[in-house]
Amino acid sequence: MSQSPSPSGPARGTTPPGTSTEDQAAGYVRSMFGRVASRYDLLNHLLSFQTDRYWRARTVSRVSPILTRPDARVIDLCCGTGDLMLALESRRAARVFGSDFCHPMLVEAGRKVAARRGQSVLFEADALRLPLPDASFDLITVAFGFRNFANYRKGLIELRRILRPGGQLAILEFSQPPNPLFRALYNWYSRRILPRIGALVSGSVDAYTYLPESVRKFPLPDELASEMHACGFAQADYTRMTFGIVALHIGTAGD
C-alpha cells in the first residue's frame, strides 16, 4: 500500500458556534447528540418524511457485493442508534461492527441489537483516532456522520488506513440540491421549519439549528470526491438522491 498523504494545509471540518479548535468542535457534537439520542430516530423519520429509510436501503444495496462475502469485515462508523448497522447485518451471515463517540447513542443502538437478537458488536471510539489496525476492514460505512467530523481530511486518511486494498468506503451525507429553485425551497424548510420541529420534539434548540448550517458549510459532492482522491482512494464517485438532498459517495482503496 502506498504511503498515506499527510494532513497538511488548513484543517477543514465542522465548525459549531462558539468553537475554534477541533477538540472543541468534537466536544460540541458529542454533547449535542447525547442530548437528543432518545428522540433521534423519531426526528429522523419525521423530518425526512420517512425518506431516510430509503436512503439507507439504497446504501445497503450499493455495497451488497461486499456484504454477501462471508469473510468480509464490515464496520459502520458514527453508527448513532444503529439503523444502518442493523440494515447491513440483515444482508449478512456474519457480524457487523458499529462505533460511535457518543455514549448515549451507543446505548440506544445496543437496545436495538438486543431487541432484534443481532450479532452486531458495538464499541465507543472517535472516528479520527480509531483503535483498529491498518487494513483491517473490507467495508466502512458512515451515514450522516462524516459531516460532523472536526477535520474531514484527517477523517478520510484514518478511514483509508483501516481499509484493506480494494475495500470500499461508503459515505451517505446531506448535500445541497443542484437545482436553484428546489435548493431555495429546501433551504427554507431547513432553516425555518426543521429547527422548530426539532426543538419542539427533542427539547434541544441548538441541535436542529446546527444541522442546516452544517449542511450549508459541507463540501459539495464533487469537492468531497476530489478530497477522497487526494487522501489515497483510487476511485471515488457519488450518486445524488432525492433531488440532491443527499449524496452517496463510494471510495475504493487502491493497493
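Points worth noting:
- Residue ID - surrounded by the fewest Cβ atoms within 10 Å (Cβ to Cβ), chosen from residues in the range 230-255 that are under 17 Å from Q176 (Cα atoms) and hydrophobic (A, V, I, L, M, F, W, C): F243
- Verdict on E227 being crowded, with 20+ Cβ neighbours inside 10 Å, among the acidic types (D, E) and not in a strand (DSSP E or B): no
- Total residues in the range 117-163, condition over 16 Å from R30 (Cα atoms), at pLDDT 95 or above, surrounded by fewer than 17 Cβ atoms within 10 Å (Cβ to Cβ) and among the charged types (D, E, K, R): 1
- The condition of being touching a Gly at 6+ places or on another chain (Cβ under 9 Å), among the small types (G, A, S) and more than 26 Å from A87 (Cβ to Cβ) holds for only one of A234, A170, that being A234.
- Breaking point among (1) surrounded by fewer than 22 Cβ atoms within 10 Å (Cβ to Cβ); (2) of a type in the set (S, T, Y); (3) closer than 27 Å to S61 by Cβ, for S204: (3)
- Residue that is surrounded by the fewest Cβ atoms within 10 Å (Cβ to Cβ), among those in the range 47-70 that are touching a residue at least 12 places away in the same chain (Cβ under 8 Å) and assigned to a loop (DSSP other than H, G, I, E, B): P70
- Among (1) within 27 Å of D138 (Cα to Cα); (2) at pLDDT 95 or above; (3) loosely packed, with under 15 Cβ neighbours inside 10 Å - the single one A109 does not satisfy: (3)
- Of the residues making up the range 131-147, just one is over 21 Å from S175 (Cα atoms) and within 15 Å of the chain's Cα centre (by Cα), namely L139.
The values are calculated or read from the model by the stated rules, or taken from the named source; none is laboratory data. Keep in mind it's a predicted model, so treat the numbers as computed, not measured. Please note: Cβ atoms are built from the backbone with ideal geometry, for glycine as well, and neighbour counts cover all protein chains shown.
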